[in-house]
Structure formats: C-alpha cells, structure tokens
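Since every read-out is calculated from the coordinates, none of them should be taken as a lab result. In this text, all values refer to a predicted model and were calculated from it rather than measured experimentally. Heads up, the Cβs are rebuilt from the backbone with ideal geometry, glycines too, and the neighbour counts pull from every protein chain shown.
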C-alpha cells in the first residue's frame, strides 16, 4: 500500500523528470515556445531592406531571460521532480500551484511575447494578431476584474470542492486544472505587469489594487486549508500534510505578493522619473523657442535706437546751424 504524503527528496525534486504523455506534451510545447522566441529575437535584430529608415531593433536580454525562465518554470511544474509528488504530497502540490499562479505568468508577461510577435510578423499573421487584440473577446478578457475573479475562483473551486480529490485520481483532470490555473492567472498578471501589447493599459492604481487585493483571498484560502479537520484527499494525504500545505500556500503567497508589489513600485518610480525628465525637456525646449523669438526683437530695437542718434535729429531737438 502506498505511503500517504511521503517526504519529498531533494534528489528527486532537482533531477527527476516525468515521462508521462502530459509531461511530454508540455515539454514539446515549451521547446517550441523557446525556439520561436529565439528566432523572433534574431529576426528583430536583423536590418530589414524595407526602404529608408529601416534598421535593426535591440531586444533587452532581461526581457528574453524573463520569458525563458517563465517557460522553464512551467516545464518544471509539469515535467520536473515536483510533479513526482503531486498525487501523494499536498504541500508539494501547493508549491506547484503557487508557481503556476504567482511566478510563471508574471515572468512570461515580462517577456512581452505578444509585442515581439507583432514586431516580427508580416502579412496575414500580423493582421490576424491585430484583429485578435482589437476584438471584443480580447477587451473582455483583458478587463482586470475578469482576470482577478477568474483566477481566484479557479483556486477556490479546485481546492475547496471535490474537484481536487477527483484530479488526484484522474491525471487528465489534474493536467486540465493546472493548465486552467496557468491560463486564468495569466489574464490577471499580464495586466498587472503591463509591459506587453494588450487591448487595455492599466494605470498603476489598478495594478497595485489587483496585487494587494489578491492577499486576503489567497490568504483566507490557505488559512482555511490549514484549519481543515480532514485531509482534502484522504486516500493520499495525511491531515498534517494538509495543514502544512495550507500554511505554505498562504505564507509563500504573501511572499510572492510582496515581490510583485516591489516590482510595481520600482516600475512606478521609473515611470515618474521618465515623466519628470520629459517635462524638463519640454520646458527647456519652450524656453529655447522663447529666447530665439526674443533675440530678433531685441536686435531690431537696438538698430532703431542707433538710427535715431545717427544722421537725423531726434524729435524735439534742433539741428545745429
């Protein structure tokens, strides 16, 4: 009989990889995403012979690194050693869910794959992307409330209903639940990061509200699990493991929220600095225009005074006899 909630081993977590068909599908999709991203960045760096003004565009290595790390985290969640314990250890599974909810989506969003696709696509693909971004469905899905409600509701339904126990018995349902958590949390964090090409651009007020608004919902969920009187999956998890998983859920959730809030604060400070510098440049330009307009007037006034004191007498004075 299998042991309930076995203790995870570091060797398995770090070096073990799953050979399930779900893992192979995710691994193939991850490799395809990385190959496409690298090819798109390379194409963007080439000079396009498109006429006057065509030039290569630089792509930030930090942006590329964010996308690559995000893809690797998704691959690890589905294929790595952490997935070895997803059906037997609830604490490990809670870490899985947090990686899909709080870590991978912001990193993928910071990689701005949609913007990269728009910059490197041509013809029908570019038109299809633009049409999708301007569609009514995209406007609805990019609304901050939609992403927030969908992400939080998915976690609550998955963990506080019989869906979790059913997913532990059926690998296909478990894979679907994890994919849905990744997708709906991407709707939320893509809007919060705010760097990619999106139908809606949120101000920092909205973005801070979404980040801090997730604390009570995820915190209450973790505290509720930590106070459970029976395991969420009695056939595979112990009550101690369930309580530990709940504590990890709300503890790491708060830590991830603090990290995201710090990122937003840095971005807000940079945006304010850019606005201040832009205002200074506009003021300098306005002063330069004012000086250039004032100089000819001063020169004209000086010339007029010189002409009066020269050959002709000034008004009210008699010319020498």
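What the table below lists for this structure:
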{"item": "Rounded, prolate or oblate (a/c below 1.5 giving rounded, otherwise prolate when a/b exceeds b/c) for segment 162-251 by Cα gyration tensor", "result": "oblate"}
{"item": "Most fluctuating residue given options 70, 279, 205, as computed from a GNM of the chain linking Cα atoms under 10 Å", "result": "279"}
{"item": "Part-to-part distance (alpha-carbon centres) for segment 132-181 and segment 264-281, which is given in Å", "result": "35"}
{"item": "Modelled FRET efficiency - R0 56 Å, residue 282 with residue 153, Cβ distances, 0.05 increments", "result": "0.75"}
{"item": "Sequence-separation-based contact order of the chain, relative, with Cα cut under 8 Å and 6+ spacing, percent", "result": "18"}
{"item": "Rounded to 10°, Cα long-axis angle of helix 204-226 versus longest principal axis of the chain", "result": "10"}
{"item": "Estimated inter-spin distance, residue 137 and residue 44, nm [label 7 Å along Cα→Cβ]", "result": "2.6"}
{"item": "Mean separation of Cα contacts under 8 Å (6+ apart) over length of segment 209-273, as relative contact order %", "result": "39"}
{"item": "FRET efficiency estimate (nearest 0.05) - Cβ-Cβ, residue 115 to residue 176, R0 30 angstrom", "result": "0.55"}
{"item": "Gyration tensor (alpha-carbon) shape descriptor, segment 131-181, a/c threshold 1.5", "result": "oblate"}
{"item": "Segment residue 230-residue 161, length gained on full extension (0.36 nm per residue, minus Cα span)", "result": "23.5 nm"}
{"item": "Spin-label zone in segment 174-201 - amide nitrogen under 18 Å from a point set 7 Å from the Cα of residue 29 along the C-beta vector", "result": "174-190"}
{"item": "Gained length - residue 15 relative to residue 195, 0.36 nm times residue gap less alpha-carbon distance", "result": "61.4 nm"}
{"item": "Inter-part distance where segment 200-221 and segment 53-96 are each reduced to a Cα centre, Å", "result": "22"}
{"item": "By average C-beta atoms within 10 angstrom, highest first, the peptides 140-151, 236-247, 162-173, 281-292", "result": "236-247, 140-151, 162-173, 281-292"}
{"item": "Cα-based helix-to-principal-axis angle, 144-160 vs the chain, degrees rounded to 10", "result": "10"}
{"item": "Using alpha-carbon coordinates, inclination of helix 239-308 to the longest axis of the chain, degrees", "result": "10"}
{"item": "Whole-number percent relative contact order across segment 60-160, with pairs defined as alpha carbons under 8 Å at least 6 apart", "result": "26"}
{"item": "Taking only Cα atoms of segment 1-149, radius of gyration then Dmax in Å", "result": "19.5, 73"}
{"item": "Answer label for Cα Rg over 2.2 N^0.38 Å (calculated), chosen among [x] 1.00; [y] 1.09; [z] 1.54", "result": "[z]"}
{"item": "Segment 97-237 shape via C-alpha gyration tensor axes, a/c threshold 1.5", "result": "prolate"}
{"item": "Ellipticity estimate at 222 nm from DSSP helix runs (n ≥ 4, -39,500 (n - 2.57)) divided over the chain, nearest 500", "result": "-24000 deg cm²/dmol"}
